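The values are calculated or read from the model by the stated rules, or taken from the named source; none is laboratory data. Because the structure is a prediction, the values reported are computed rather than measured. Quick reminder, even Gly has a Cβ in these numbers, built from the backbone with ideal geometry, and neighbours come from all protein chains shown. Just the protein is used for accessible areas: all its heavy atoms, side chains included, with ligands, DNA and RNA removed. Shrake-Rupley method; radii C 1.70, N 1.55, O 1.52, S 1.80 Å.
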Amino acid sequence: MVLPKFSLFFWLLLSSIVILSINFPVKCDDDEEDNLYEGINKYRASLNLKALTRNENADCLADKIADQFKKQPCTNTTGANTVPGTEPQFSNYPDLLTKCHLAISNTRDGNVMPACVPGLVQSLVLTNFTKSLYSDSLNDTKYTGIGIGSEDNWVVVVLTTNTTAGTFAPYSSNGADLISRSGLIYCSMLLFGYIFLL
């Protein structure tokens, strides 16, 4: 009789761990992105500006945009050397926002800055942001947060603000609530089943 109770407890514990793992995925940051984050904040500190804080939602968008760039060669119409007004436009930008659970109304005050650096050499990546047109944005005190994504030779920095139109706060989604609720209901049913079988 002890064996079935132990077996049921084991499956309940295992199911709970699996559900929690699915609802709270772990994301590992790349060293290049961490180094760029630290370098940008050191640059801002040298100008007596506040450090930018990491924004997970901006990280997500930066990753999605970097993925869009990954097969593009470095040219003067892409990245830090872009001639103003010739920046690439993504027709699927709303889809990229949706993948990151963002609403366009929460991203309008942000700034997306792609750069192409062959091999993503750390010193050159930082220079592409601090010694280019992008430095104006990095010097702007309205930006308080940062997201960084990289793919192949591309790195994308997304700057956020503390205004409603620039926080990159996720939109409320009934779908996300439904997933959380279904996980809670599933765990509750397993727990109820376990107690009932005792």
**OP:** Could you pull out the pairs from Lys50/Lys71; Lys71/Lys99; Lys99/Lys131; Lys42/Lys64; Lys42/Lys131 whose alpha carbons sit more than 23 Å apart here?
**Re:** Lys50/Lys71; Lys99/Lys131; Lys42/Lys64
Original post:
Hey, rough spin-label estimate for Lys70 and Tyr171, points 7 angstrom out along Cα→Cβ, what's it come to in nanometres?
Top reply: 2.6 nm
Subject >> Cys60 - accessible surface, heavy atoms, 1.4 Å probe, Å² rounded to 10 >> reply: 40 Å²
